[in-house]
Every structure is written in structure tokens, then in C-alpha cells.
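Written out below as C-alpha cells is the structure these notes cover.
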Amino acid sequence: MNKRRDAQKSRSSQRKRAGQQDTSSNSGERSKYGTGLDGPDPYFDRVRPVLIAAIRHGGIKGIAEFFDRAVSALEAMTPELSDDLVDEILGGVLFTQIVQMYDRGWQPRELAHIARHRLGRHEESFLMTGIAMHATCASHRDLAPAEWLAQLHDLAVPQKDSREAVQEWAAGWRAQAGLSTAAAWRPATQLVGLLGGLDEVPALLPLPCEWSEDVAVDPHPHFSDLTELTAALAEAEKGSDPREAWEATVTAHTVMAERAFHAAIADAKCAPLTAQVRSRRVLLDGPDAETKADLLRVICEHNAVRTASFVGLGISAIVGRPYDLDAAEAMYTSTVRQCETWAAASGDSFTAVAHEALERLDFMLEDRRESLEEAVFEANGRVATRLLAQRDAAASAVFEVLFPTACEQPWNGAA
């Protein structure tokens, strides 16, 4: 409860810095979808219910027909509204929703990926406007974690202190996109609707409402030495013959499995394995998100890493010990590259090549896993075998806490 109250206070101060009135006392509906509407203008009361309807039906669970009706109604109202008022509404909606998404655990690069994966260029540029609007808060320069700032840098988000009002941000977006005020309703409400329908996710970094000068330090920091693994994967990626490449891939997996085992032995002496488990989210780029999610799942499940995927957003969550996560992600990235190379050489689709890869991988990884377990038992006895089982159990225990319904249905990130 304290964290929630702190988040609410943070939202209030951020809105004021962005030139927007506080809306923290709004109803649950407005809080979820972030309308950000408050003000004396008589048109606000007319716009608000239609705007909320458009946002609700612009999301994952919305009804397209109702969304179109609401947008048409907003477009019909536009001649009665000033450009400044429309821009204030759009800017307020956007800023409020971005703050809420960060409070739910989402990060800038993930939001940018979702917009790019699901929507069009106008919605994506509107999102980037919101990320930039939030990033102009002075706290970003002074308090944001380095990884958060790195994401903003990768997204080419300017790091500056700004006192621009929300309507100026929205007007700038419309001008750059070449949209009239009437034409801006559709992409703006569709983006906010999509974001508003996303559920809370495990926070991988401190939330903006938690940022302070006292940066929390990971009690179990790690460094994964992937030198041998990356060298073996590089050999696999060189091969033009898929059969030779698979042999190199199997070698890489053997290296990964052996080093993961030794890392688990060493780490178990420092802290309980469950305390070392971490969560990440992998962005599945391109149009073959479902196939890539399957590739990632097969690689992970043979390496003590659990996965929960939402193909519609192009994202998979992975849960396991840091070395296992690093190694599985490296192997997944290499396997995708190999499939892309073979698809280009053969003229087959990525999906067709990847499905063949899935069958081979599943068989070979299972075979190697059994061989490793036998070798571990022969060399180290039952204690080491028990440790392998504990490593799997630790990842599963944390996974079930983070994604309690994942065993019943795929995690979808949607409320």
C-alpha cells in the first residue's frame, strides 16, 4: 500500500511538471485507461465518455465496431473544439498512460517494441512522444538507473529538461506526422487502448516512483563467462551446410550445459538457488514471433529456464538463474540467425526452416541432457544430481509466483 501511495504521489508531481492537472482521484475506469482529463472547459464533459469508449475498444479486448463508432463521434466533435484543446486532451491521455505503464513494470524499449509489433507508424511515433515527454523530467538525468537511460539512448530519446505543456508535445507529434486534429484521434486512442489493456508485469528495474539517490544493489550480482559458448555458436553460424551447423550447435549446447552445472555448484555455496533466480523479457522481432517463441521455449526448457510467452505482443518472459538466462538467450539468438541464413539460401520461409530446427533441437537437447546427467552422476554422485534437480525446482518455484496462471494458459500480458 505504501508503494502504491508513493506511486500516486509521483504521478501527481510528474503531471504538474508536464503542465497537467492532477487526476489521481479519477474513477477506476479512468485510472486504468489514463484519460488525464480534468478542467473547466465545457467540452470536457462531452468528450470524456466518448474518449473512454474509444480507448476501451482500441485495446486488445476491444470490439472494433464500437471503437470505430467512438472515433467517428470524436471526429464529428472536432470542429467544435480548438486545436489547443484537442492537443491538451491527447497529451494528457498519453502522459498519464505512460506513467501508469511504468508503474506496472513495463520499460521504454518494451513499449516501443509492442507499438512497432502491433500498430502503425503514427501510433509508434505517438508512443515515442510520450516516452520523450516522461524522460524530460529532471529525475531521469539524476536518478534513473543506467540501464533505463541506455534504453532511452537506444531509442534516440532526447535527454533534456523541458517545461513544455502536454498540448505542445501533442501538437508537435501531429505536425510531424502530418495529421489534422480530427485524424489524430484514431492512432492516439488505439495506442492508449492497447497500453491500457496490458497487465502488470514483474518489474525488472526499479520503478520510476522508487528512484532515489540510494540505488539498490543486487545482493547476488553475477558475471557470466560465455567465451566458450559464443565461440562455439560462432562456428555454428559460419556453416553453410545445416547438418554441419547443427553439430556445432550441439557442441555449443554441451559447453553451455557443462558450464551451467559448474556455475550452479559454485553459486549454491553463496546463496540459496531460489534467491538467485531472475526474470527477463525477450523481444521477438519480426513477423515470425510465434515460431521464435517456440524456439526460445525449446532451448530454455532443456536448460532449467521457464518461459511464458505472449505472441501477440512479440514478447517472451524467461525465468532462471543468471548464467542459464544468459546462455539460453545467446543460443536462441544464434539459432534465429542460423535459421534466417538457411531460409535465405534455400528460398524456404523462416517458419519452415525453424520448424525443422525445432524438431532437431528438441531431440538433440534431450539426448545431451540425459548424457550430461549420467556423466554428472558418475563423476560427482547423488549430491550433484540432486543439485541439478534443485536448479530446475528453483526456476519453477519463482516462475509459478511470477506467472501463476501460465501452467493453465499462456501468459498474455493483458488485464
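Nothing in this text is a laboratory measurement; each read-out follows from the coordinates by a stated rule. Predicted, not measured: the structure shown is a model, and the values here were computed from it. Cβ placement follows ideal geometry from the backbone for every residue including glycine, while neighbour counts extend to all protein chains displayed.
Subtract the Cα-Cα distance of E237 and L149 from 0.36 nm times their separation in residues, and report this length gain in nm to one decimal. Mind showing how you got there, number by number?
Values: separation 88, 0.36 × 88 = 31.68 nm, distance 3.21 nm.
Answer, rounded to one decimal: 28.5 nm.
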Zone reached by a paramagnetic label modelled 7 Å from R121 Cα along Cα→Cβ, restricted to segment 170-189 with backbone N below 17 Å, covers 173-180, 184, 187-188
Computed curve, segment 53-98, Cα-only Debye sum without solvent term, log₁₀ I(q)/I(0) at 0.19 Å⁻¹, is -0.68
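Rg(Cα) of segment 63-142 divided by 2.2 N^0.38 Å? Please report the intermediate quantities before stating the final value.
Numbers: Rg = 14.7 Å, N = 80, 2.2 N^0.38 = 11.6 Å.
Dividing the Cα radius of gyration by 2.2 N^0.38 Å gives 1.27.
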Given 10 °C and 1.306 mPa s, how large is the Stokes-Einstein diffusion coefficient of segment 58-209 in µm²/s, with Rh as the Kirkwood radius over Cα pairs? 100 µm²/s
Note: D285 to E366 extended length (0.36 nm per residue) minus current alpha-carbon separation gives 26.5 nm
extent check for segment 251-353: Cα max minus min per principal axis, descending, whole Å, gives 50, 31, 15
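R337 to I63: extension gain in nm, 0.36 nm per residue of separation minus the Cα-Cα distance? Don't skip to the answer; put the middle values down first.
Details: separation 274, 0.36 × 274 = 98.64 nm, distance 3.76 nm.
Once the chain is fully extended between R337 and I63, it gains 94.9 nm.
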Between D142 and S180, the FRET efficiency computed from the C-beta separation at R0 = 41 Å comes out, to the nearest 0.05, as 0.60
